[in-house]
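Trainee: A single structure is presented below for examination.
The values are calculated or read from the model by the stated rules, or taken from the named source; none is laboratory data. Please read these numbers as outputs of a predicted model, since none were measured by experiment. Here the Cβ is made from the backbone with ideal geometry for all residues, glycine too, and neighbour counts use every protein chain on show. The protein model used for the area step is the full one, side chains on, heavy atoms only, and it has no ligands, DNA or RNA in it. Shrake-Rupley method; radii C 1.70, N 1.55, O 1.52, S 1.80 Å.
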Amino acid sequence: MLLWIASALGLTFLSIFIIHSNFFKDVRHVITKLKAGRRILEYARTNFTILDCFLEVVKTHPHKPYILFKDETYTYRDVDEQSNKAARAFLQSGLVTRADTVAFFLGNEPAFMWLWLGLQKLGCSVAFLNYNIRSRSLLHCLSRSGARTLVAAEELQDAVEEVLDSLLEQQVSVIILADRCQNARMVSFKDKMKLASSQPISKDLRSHVTLQSPAVYIYTSGTTGLPKAAQISHFRVWVMSKIMYLIGMNSNDVIYSSLPVYHTAGFFGLTAAIERGATVALRTKFSASQFWDDCRKYNVTVIQYIGEIMRYVCNTPRKLNDRSHKVRMALGNGLRPDVWRDFKSRFGNIQIYEFFGATEGNFALINYCDKVGAVGRDNFLFKKFFPYTLVKYDVYKEEPVRDSSGFCVEAAIGEPGLFLSEITQKSPFAGYTRDLQQTEKKKLHNVHKKGDAYFNTGDLLTIDKDGFFYFTDRVGDTFRWKGENVSTSEVADVITLADCIEECNVYGVKVPGLEGSAGMAAVSLRGQKFDSAGVFEIVEKFLPTYARPRFIRIKSSLEVTGTYKYLKNYLVRDGFNPNEITDSLYFLDEKVKRYIPLTPDIFSSVISGKIKI
């Protein structure tokens, strides 16, 4: 009898595995996620921060390498002592006191982390400014954080001096990471750190800190206007740091990060290493040509990616030692399916964990099944604890579709929908600091029942019959033409199939007298020549008429944010007027089956309606 029961159970589990091959992965992921959640709740009860975790690693493994940078190795003890010096130097300067907010204007360097840890020891919060911003954007981001002290890298001193008068008028003090500073209105810092003691800092200085207190302010990329400061609590720092635990990283791993530390992905690579007691190989800036040499040099086992950097790596010349490395996992987002396949085919069977989430968001998906192109799984167990939904979205009206009762309509299988995650006590949304209006704009109310509230990701996703989520487009990037919704990312994927196209950024432009927006693509070329007939052949073969870009703009390079997201705003604003744009412009001519130069005469005929598009 027992043998019969055991056989029946065995057959049951076997049938589940065959029919639902990802079932056990789903269960394992939920269990791991719940364990992480319980641990974080315990941290919240005892006010145990990532700094406390760092100090524990310092005690247990003081000589363990924490940061590998160029040819230098900084152990956990090294970074602890440097952070103590930094904390004392901040206090002794008289420019920082406990519980202040300080802004960082720094690149990727070990000092970023020991300065941050030093300020954490003082109970301070830190705003991470994008080191590429200048002038108005720099002043805007600083004012949003409320910081009264700006810490800037020596190489960024010129950018600070451009706005120094405005900073001083706003009573913002400036600290430069240099031994000496020629400008008497700014304070040099390295000399002060050298003189400071490395003795431990009293915990009393951060006695006011809880896991609900702000730890950092991280800014949105600014692709849809000026950047907004997302408030990241100590609780959220833990949530982000646990992602490496979810994918199975351990203390023996070495993470390679060339992502900007001022952004979420780069920063949580460093904090996740603390959580795991692991090592980070940090690079100043991403380099496709040095990527694998660095991985071999530092014995990297886990890599982080974002945006297009994996494509850049795949575009490097093939080498005999392409598979000579120790990398076993890759974590990131924005990896196109064709690049995904190319990467694994060329560099080996590396487990890829593509995730979906936002810096300010209260929820994230992760593709733990290594399903090519997917950003996560529709896991009913996970959804029970962290509710989310995919609802129909009207691109033309730019709002979710609601039924006669006023509630949102769920998207069908295979239908693009707006991804929303419910705002609950377990999944709070802190919003943007000093920007209540933008915070409220990210919330949707009465989604499925009266009184509920959801975080609006602003992203359109699709779920397939097997329960996998796929990124479709960003709301605002999708445009409407000829009564149809056009996904910019899907069109860009098609256009880059053309041999002459290196990069492509698709967007919609207004044409006088016509509803919606006509498709336009800004492209950079692999060579010197634009193959107008070849590109036409590609778009004709793979895109319906309404989705084919009517205009193409040739650029030497495409502008991106610090996290490799294409900038569209200025391109949309420029439109397609050859009298105002110096770049080469082309117009889709379906009669001659090619893109032809967009002359002022053709432009006039288009906007007057003589040429029908």
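Trainee: Which pairs do you get when a residue that is over 14 Å from GLU275 (Cα atoms), found in the range 56-71, comes within reach of a residue that is in a loop (DSSP other than H, G, I, E, B), reach meaning Cβ atoms under 9 angstrom, with the pair 6+ apart or on two chains?
Mentor: Filtered contacts from the range 56-71: LEU68/TYR298; PHE69/ASN108; PHE69/GLU109; PHE69/ARG283; PHE69/THR284; LYS70/ARG283; LYS70/THR284.
Trainee: Just to be sure, is LEU91 in contact with a helix residue (DSSP H, G or I) (Cβ under 9 Å, 6 or more places away or on another chain), among the hydrophobic types (A, V, I, L, M, F, W, C), open to solvent by 40 Å² or more (accessible area, probe 1.4 Å) and at pLDDT 95 or above? If you could, list the steps in order and put the result at the bottom.
Mentor: Details: in contact with a helix residue (DSSP H, G or I) (Cβ under 9 Å, 6 or more places away or on another chain): yes; among the hydrophobic types (A, V, I, L, M, F, W, C): yes; open to solvent by 40 Å² or more (accessible area, probe 1.4 Å): yes; at pLDDT 95 or above: yes.
So LEU91 passes the test.
Trainee: Check every one of the helices (runs of 4 or more DSSP H) wholly within the range 509-613 and list those with 1 or more residues that are more than 32 Å from the chain's Cα centre (by Cα), at pLDDT 95 or above and on the phi > 0 side of the Ramachandran plot.
Mentor: In the range 509-613, there are no helices (runs of 4 or more DSSP H) which contain 1 or more residues that are more than 32 Å from the chain's Cα centre (by Cα), at pLDDT 95 or above and on the phi > 0 side of the Ramachandran plot.
Trainee: Could you say whether any residue in the range 531-545 is touching a strand residue (DSSP E or B) at 6+ places or on another chain (Cβ under 9 Å), surrounded by fewer than 20 Cβ atoms within 10 Å (Cβ to Cβ) and without any contact (Cβ under 8 Å) to a residue 24 or more places away in the chain?
Mentor: no
Trainee: Please go through the range 457-503 and give me each residue that is assigned to a strand (DSSP E or B), more than 22 Å from ASN367 (Cβ to Cβ) and open to solvent by 10 Å² or more (accessible area, probe 1.4 Å), ordered by number.
Mentor: First, the residues of the range 457-503 that are assigned to a strand (DSSP E or B): 457-463, 468-474, 479-481, 484-486, 501-503.
Subset that is more than 22 Å from ASN367 (Cβ to Cβ): 479-481, 484-486, 501-503.
Residues satisfying the conditions are PHE479, ARG480, GLU484, ASN485, GLU502, GLU503.
Trainee: Among the residues of the range 357-407, which ones are among the acidic types (Asp, Glu), within 30 Å of TYR217 (Cα to Cα) and touching a residue at least 24 places away in the same chain (Cβ under 8 Å)? Even if it seems obvious, please write down each step before you answer.
Mentor: Of the residues in the range 357-407, the ones among the acidic types (Asp, Glu) are 360, 370, 378, 394, 398-399, 403.
From what is left, the residues that are within 30 Å of TYR217 (Cα to Cα) are 360, 398-399.
Result: GLU360, GLU398.
Trainee: Of everything in the range 579-595, what is touching a Pro at 6+ places or on another chain (Cβ under 8 Å) and buried (at least 18 other Cβ atoms within 10 Å of the Cβ)? Give them in sequence order.
Mentor: LEU585, TYR586, PHE587, LEU588, listed by residue number.
Trainee: Something else: Among the candidates ARG98, ARG88, single out the residue that is closer than 20 Å to SER198 by Cα and not in a helix (DSSP H, G or I).
Mentor: Matching residue, one of ARG98, ARG88: ARG98.
Trainee: From the set of residues in the range 388-414 that are in contact with a Ser or Thr (Cβ under 7 Å, 6 or more places away or on another chain) and in a loop (DSSP other than H, G, I, E, B), which is most open to solvent (accessible area, probe 1.4 Å)?
Mentor: GLY414
Trainee: Would the range 395-408 turn up any residue that is farther than 29 Å from LYS35 by Cα, modelled with pLDDT of 95 or more and among the aromatic types (Phe, Trp, Tyr)?
Mentor: yes
Trainee: Also, quick follow-up: Can you list residue pairs whose Cβ atoms sit under 8 Å apart, with the first residue in the range 253-280 being on the phi > 0 side of the Ramachandran plot and the second being in a loop (DSSP other than H, G, I, E, B) and open to solvent by 10 Å² or more (accessible area, probe 1.4 Å)? Count only pairs 6 or more apart in sequence or on different chains.
Mentor: Within 8 Å, the pairs are GLY277/HIS61; GLY277/LYS64; GLY277/SER251.
Trainee: Quick test of your reading of the structure: VAL261 fulfils all but one of (1) part of a loop (DSSP other than H, G, I, E, B); (2) open to solvent by 10 Å² or more (accessible area, probe 1.4 Å); (3) within 30 Å of GLU502 (Cβ to Cβ); (4) modelled with pLDDT of 95 or more. Name the failing condition by number.
Mentor: Every condition holds for VAL261 apart from (2).
Trainee: I've got another one for you. Is there any pair with a first residue in the range 285-303 that is closer than 20 Å to LYS344 by Cβ and a second that is open to solvent by less than 60 Å² (accessible area, probe 1.4 Å) and acidic (Asp, Glu) whose Cβ atoms are under 6 Å apart and which are 6 or more apart or on different chains, and what are they?
Mentor: Pairs that qualify, where the first residue is closer than 20 Å to LYS344 by Cβ and the partner is open to solvent by less than 60 Å² (accessible area, probe 1.4 Å) and acidic (Asp, Glu), are THR301/ASP253; VAL302/ASP253.
Trainee: If you don't mind, there's one more thing I want to ask. Determine which member of the set ALA36, ALA44, ALA8 is modelled with pLDDT under 90, in a helix (DSSP H, G or I) and open to solvent by less than 60 Å² (accessible area, probe 1.4 Å).
Mentor: ALA8
Trainee: Still on this model: Residues that are of a type in the set (Lys, Arg) and crowded, with 21+ Cβ neighbours inside 10 Å: which helices (runs of 4 or more DSSP H) entirely in the range 136-248 hold 1 or more of them?
Mentor: Ranges flagged: 234-241.
Trainee: Is it fair to say TYR507 is touching a Pro at 6+ places or on another chain (Cβ under 9 Å), touching a residue at least 60 places away in the same chain (Cβ under 8 Å) and of a type outside the set (Gly, Ala, Ser)?
Mentor: Spelling it out, it is not the case that TYR507 is touching a Pro at 6+ places or on another chain (Cβ under 9 Å), touching a residue at least 60 places away in the same chain (Cβ under 8 Å) and of a type outside the set (Gly, Ala, Ser).
Trainee: Let me ask something additional. Mind counting the residues in the range 356-378 that are in a strand (DSSP E or B) and either in contact with a Leu (Cβ under 9 Å, 6 or more places away or on another chain) or closer than 15 Å to TYR305 by Cα (or both)?
Mentor: Matching residues across the range 356-378 total 6.
Trainee: Moving on to the next point. Search the range 57-76 for residues being closer than 21 Å to SER197 by Cα and more than 29 Å from the chain's Cα centre (by Cα), and hand back the single one that is surrounded by the most Cβ atoms within 10 Å (Cβ to Cβ).
Mentor: The qualifying residue surrounded by the most Cβ atoms within 10 Å (Cβ to Cβ) is VAL58.
Trainee: Here's another thing I want to ask about it. Look at VAL79 and say whether it is assigned to a loop (DSSP other than H, G, I, E, B) and either of a type in the set (Phe, Trp, Tyr) or open to solvent by less than 20 Å² (accessible area, probe 1.4 Å) (or both).
Mentor: Criteria not met by VAL79.
Trainee: If you don't mind, another one. Quick one: in the range 417-431, of everything that is open to solvent by less than 60 Å² (accessible area, probe 1.4 Å) and in contact with a strand residue (DSSP E or B) (Cβ under 6 Å, 6 or more places away or on another chain), which residue is farthest from LYS442 (Cα to Cα)? Please lay out each step first, then the result.
Mentor: Pass one, the range 417-431, residues open to solvent by less than 60 Å² (accessible area, probe 1.4 Å): 417-424, 427, 429, 431.
Filter again for in contact with a strand residue (DSSP E or B) (Cβ under 6 Å, 6 or more places away or on another chain), leaving 417-423, 429.
Working: GLY417: 16, LEU418: 12, PHE419: 12, LEU420: 10, SER421: 11, GLU422: 12, ILE423: 11, PHE429: 9 Å.
The selected residue is GLY417.
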